[in-house]
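K.L.:
My questions all concern the structure below.
A short reminder: the numbers here are calculations on the coordinates, not readings from a lab. Small disclaimer: the values here were computed from a predicted structure and weren't measured. Note that we place each Cβ from the backbone using ideal geometry, even for glycine, and neighbour counts take in every protein chain shown.
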Amino acid sequence: MPTRDTIVLYNPAAESFALPLGILAIATYLRDRGLRFRILDGRLGDDPLAVVGAEPERILLFGCSVLTGAPILPCIRASRAVKLRYPDIPVVWGGWHPSILPEQCLRAGACDAVVRNQGEESFAELVERLISGRDLEGCAGISFVGPEQSIVSNPDRAFSDVNGFPPMDYGLIDPERYFRFKGKRQLDYVASQGCPFRCAFCSDPKLFGGRWAGLKAERVVAEVVELARRYRLGEVFFNDDLFFTSPKRLEAICDGLIAAGRPVSWLAEARADLLDRVGDALLDKVRASGCRKLTIGAESGSQRSLDAMHKKTLVEQVERCAERLTRHGILAQYSFIAGFPDETDADRSETIHLIRRIKKIHGQIDTPIFYFTPYPGTALTERLVELGVELPEKLEDWACFELGQAQLPWMDPGFVERVGAWNYYLERGYRRPYEPRNPLAWILAGVARLRSELGYYDHPWEMRWAQARARRTLDDPCPGGKY
């Protein structure tokens with residue numbers, strides 16, 4: 001009998017363009033154990049059942065990385081198919097949704113075990129136990145189906161400092177496939193794990209318990225410089241929940257990249273309150289080191305709403321950061337959320353006023369408004385239960401909870417159209433038209449600016465026309481129409 005030495009890891013189809021970093025991290029941690037890895041991605045057309053079926057006698061386990069929302073369904077289909085055809089191959093799930101609702105995932109019959117939270121060490125021990133034929137009893141950070149279909153949840157594993165983990169081995173995937181998928185030579189890189197903040201809409205507090213650990217600055221610089229050289233990168237995206245946690249660490253990273261000749265442009269996510277503590281001299285270094293754009297979760301223009309969601313950010317910090325980043329030549333995107341529990345029309349009006357002020361600072365600043373999504377394990381989702389909202393009880397039903405889609409009782413068609421109108425007019429009213437040589441584009445941009453200034457978003461006939469036109473234009477690059 002051939003040795004079971006192959007681990008198949010599957011990243012399902014989703015809207016994200018990011019590399020499957022979670023899967024890559026656990027595979028990297030085990031790369032020196034004499035195992036083979038097949039990392040598959042549904043977004044790239046990979047067929048997990050075909051790969052497993054090609055040599056099932058060599059497969060040690062089949063693993064899936066599962067996010068709340070649409071990715072749940074392809075994971076269910078692939079996992080159940082593997083379990084049906086090859087019942088001797090264990091199916092293991094990890095990722096955000098299984099970490100928060102492990103029992104729900106296990107009871108759905110799609111997997112045999114779940115790796116919770118930070119997965120490198122837990123997954124490695126699980127693999128070692130499978131190889132040696134030992135059961136999973138007492139394996140920290142693991143939940144599994146026990147005797148007589150009982151669900152066993154072992155204690156959590158202690159959070160580990162990421163500096164003890166090996167550098168991510170991008171050779172376990174084919175980066176060129178992802179460059180083609182993204183349409184640019186951009187690589188995702190994780191310089192830290194966790195988050196010390198406890199925003200009420202975010203699952204991070206449940207997963208990491210308010211803990212954060214970042215790679216040392218010199219390691220970040222050395223790895224980014226080498227990756228830029230090896231893969232001829234144009235851009236690196238620091239895919240961290242918090243990249244600007246420590247000004248001292250940030251400055252050391254910037255100094256290192258500047259000393260290396262600014263080998264690559266970079267993007268990151270940030271918080272307005274943390275950016276507000278970064279002095280002008282350091283912001284100059286951030287720009288000089290290659291920072292092209294920062295994405296900032298502004299969430300709301302209402303201080304009442306920000307306080308209710310435990311954001312720990314002030315509205316004036318958001319506005320001040322827009323001015324400072326613009327002055328230092330750094331592009332920005334500020335994301336907002338509409339439809340929070342207990343949010344009032346006055347709160348939303350304050351958000352629109354803040355967006356308008358930001359747009360006047362620089363028309364190229366993106367300010368998308370998303371719908372509040374009740375992800376499991378968050379304080380605001382618990383608030384929904386208090387309000388009488390029935391959350392999904394079955395695993396499959398969570399697939400309907402998608403970021404960017406309205407789904408709560410107060411998100412009626414009128415609310416959905418209002419949010420769409422805000423996005424449409426605020427986006428087009430303060431920047432150059434997508435077709436600058438088209439006179440109609442300038443007329444519509446002027447109308448959008450006037451509507452935004454007057455705060456009149458009713459009867460959005462221009463938006464409806466543009467959306468109908470976009471549906472007729474298959475190659476339209478703008479989801480809401482070019483105007």
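K.L.:
With r as the distance between the Cβ atoms of residue 335 and residue 49 and R0 = 35 Å, compute the FRET efficiency 1/(1 + (r/R0)^6) and round to 0.05.
P.N.:
Working: r = 36 Å, r/R0 = 1.04.
Between residue 49 and residue 335 the formula returns 0.45.
K.L.:
Taking DSSP loops as anything outside H, G, I, E and B, show the longest stretch in the chain free of GluC sites (Glu not before Pro) there with at most 14 other beta carbons within 10 Å.
P.N.:
138-389
K.L.:
State the Kirkwood hydrodynamic radius of the chain in Å, one decimal place, computed from all pairs of distinct Cα atoms.
P.N.:
Final number for the Kirkwood radius of the chain is 24.2 Å.
K.L.:
Using Cβ counts within 10 Å as a stand-in for footprinting exposure, how do 293, 311 rank, fewest first?
P.N.:
By the 10 Å Cβ count, ascending: 293, 311.
K.L.:
How large is the translational diffusion coefficient of segment 26-105 in µm² per second when you combine the Kirkwood radius over alpha carbon pairs with Stokes-Einstein at 37 °C and 0.692 mPa s? Before the final figure, lay out each step's value.
P.N.:
Numbers: Rh = 13.5 Å.
D, rounded to a whole number, is 243 µm²/s.
K.L.:
Only loop residues by DSSP count here, and only those with at most 15 other Cβ atoms within 10 Å; note down the chymotrypsin sites (Phe, Trp or Tyr not before Pro) in segment 106-197 that meet that.
P.N.:
On the way: sites: 123, 144, 159, 170, 178, 179, 181, 189, 197; in loops: 159, 197.
Answer by residue number: there is no such site.
K.L.:
Could you run the Karplus curve 6.51 cos²θ - 1.76 cosθ + 1.60 with θ = phi - 60° over segment 233-247 and give me ³J(HN,Hα) per residue in whole Hz, x for Gly and Pro?
P.N.:
Calculated HN-Hα couplings, in order: 6, x, 7, 10, 9, 6, 8, 10, 5, 9, 9, 9, 4, 10, x Hz.
K.L.:
On a full-extension model of 0.36 nm per residue, what is the gain between residue 385 and residue 259, subtracting their alpha-carbon distance, rounded to one decimal in nm? Before the final figure, lay out the partial values.
P.N.:
On the way: separation 126, 0.36 × 126 = 45.36 nm, distance 5.29 nm.
Result for the pair: 40.1 nm of gain on full extension.
K.L.:
To continue, here is another question. About the Cα centre, and with charges only on the beta carbon of Lys, Arg (+1) and Asp, Glu (-1), how big is the dipole of segment 339-433? Nearest 20 debye, please.
P.N.:
Once rounded to the nearest 20, the dipole reads 980 debye.
K.L.:
Continuing with this model, one more query. How many times 2.2 N^0.38 Å is the alpha carbon radius of gyration of segment 372-474?
P.N.:
Details: Rg = 18.0 Å, N = 103, 2.2 N^0.38 = 12.8 Å.
Output field value: 1.41.
K.L.:
About the Cα centre, and with charges only on the beta carbon of Lys, Arg (+1) and Asp, Glu (-1), how big is the dipole of the chain? Nearest 20 debye, please.
P.N.:
So the dipole magnitude of the chain works out to roughly 1780 debye.
K.L.:
Could you tell me which of rounded, prolate or oblate describes segment 6-153, using a ≥ b ≥ c as the square roots of the eigenvalues of the alpha-carbon gyration tensor, with rounded for a/c under 1.5 and, failing that, prolate when a/b is larger than b/c and oblate otherwise? List each step's numbers first, then the result.
P.N.:
Values: a/c = 1.25, a/b = 1.14, b/c = 1.10.
Rounded, since a/c falls under 1.5.
K.L.:
Ok, one more. Just to be sure I understand: of the beta bridges DSSP finds with both ends in the chain, what percent are antiparallel, rounded to 5?
P.N.:
Values: 9 of 50 bridges.
The answer is about 20 percent antiparallel.
K.L.:
With r defined as the distance between the Cβ atoms of residue 411 and residue 232 and R0 fixed at 56 Å, what FRET efficiency is calculated, to the nearest 0.05?
P.N.:
So, using R0 = 56 Å, E works out to roughly 0.80.
K.L.:
How large is the charge dipole for segment 6-153, taken about the Cα centre, if only the Cβ atoms of Lys, Arg (+1) and Asp, Glu (-1) carry charge, to the nearest 20 debye?
P.N.:
In total the dipole reaches around 240 debye.
K.L.:
Between residue 326 and residue 353, what's the calculated FRET efficiency when r is the beta-carbon distance and R0 is 30 Å? Round to 0.05.
P.N.:
Computed FRET efficiency for residue 326 and residue 353: 0.95.
K.L.:
Please report Rg (one decimal) and Dmax (integer) in Å for the Cα set of segment 184-411.
P.N.:
For segment 184-411, the Cα-based Rg and Dmax read 18.6, 57 Å.
K.L.:
What Kirkwood Rh does segment 218-304 have if only Cα atoms enter the pairwise 1/r average? Answer in Å.
P.N.:
13.5
K.L.:
Another one. Of the chymotrypsin sites (Phe, Trp or Tyr not before Pro) in segment 1-44, which ones lie in a loop per DSSP and count no more than 14 other C-beta atoms within 10 Å?
P.N.:
Hits after loop and neighbour filter: 17.
K.L.:
Expressed as a rounded percentage, what relative contact order does the chain have, with Cα pairs under 8 Å and six or more residues apart?
P.N.:
Numbers: 834 pairs, mean separation 51.5, N = 483.
RCO, the chain: 11 percent.
K.L.:
Taking only Cα atoms of segment 273-330, what ratio of Rg to Rh do you get with Rh as the Kirkwood inverse-distance radius?
P.N.:
Here the Rg-to-Rh quotient is 1.02.
K.L.:
Right, another one. Students often get this wrong, so check it: of 184/293; 206/311; 216/248; 293/359; 184/285; 248/285, which have C-alpha atoms separated by over 19 Å?
P.N.:
184/285
K.L.:
May I ask you to compute the full-extension gain from residue 223 to residue 88, defined as 0.36 nm times their residue separation minus their alpha-carbon distance, rounded to one decimal in nm?
P.N.:
Taking 0.36 nm per residue and subtracting the Cα distance, the gain is 44.6 nm.
K.L.:
Moving on to the next point. Report the local net charge at residue 421: Lys and Arg +1, Asp and Glu -1, summed over other residues whose C-beta lies under 13 Å from its C-beta.
P.N.:
Local charge sum for residue 421: +1.
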